[in-house]
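The values are calculated or read from the model by the stated rules, or taken from the named source; none is laboratory data. Keep in mind that what you see is a predicted model, and the values were worked out from it rather than measured. Reconstructed Cβ throughout: ideal geometry from the backbone, glycine too, with neighbour counts over all protein chains shown.
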């Protein structure tokens, strides 16, 4: 007569082990896919941040109402710039600069800058 410890795995125990491993594998693959999706637009977002910072510096030099181009090319990508201005009660110009790549959804950046109405002299 054999003892219980010598019998080995039953079919149900083996099926449960395979199920647990399958669920773990699926979770790992979904996590990998989410990391890939979130990293896809990272380069465009980083370039858009550089573009809006450059535009903010141009506006600091030439004034918030200077005539500047609405599109910029950087790293073989064409960025469209949108500038919204609003004068505050203190006389500063609240300027919101946004840049995005039209062909790629979600790839963009915005920056809020407060500038004197005549620019820096």
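Taken over region 75-119, the criterion of being more than 17 Å from the chain's Cα centre (by Cα) and at pLDDT below 85 is satisfied by 117, 118, 119. Which residues, taken from region 63-82, are closer than 16 Å to residue 50 by Cβ and outside any loop (DSSP other than H, G, I, E, B)? 71, 72, 73, 74, 77, 78, 79, 80, 81, listed by residue number.
Looking only at residues in region 51-78 that are surrounded by fewer than 17 Cβ atoms within 10 Å (Cβ to Cβ) and touching a strand residue (DSSP E or B) at 6+ places or on another chain (Cβ under 7 Å), the one that is farthest from residue 115 (Cα to Cα) is 78.
All of 30, 104, 53 fail the test of being without any contact (Cβ under 8 Å) to a residue 24 or more places away in the chain and outside any strand (DSSP E or B), apart from 30.
Of 39, 8, all but one fail to be surrounded by fewer than 10 Cβ atoms within 10 Å (Cβ to Cβ) and part of a helix (DSSP H, G or I); the exception is 39.
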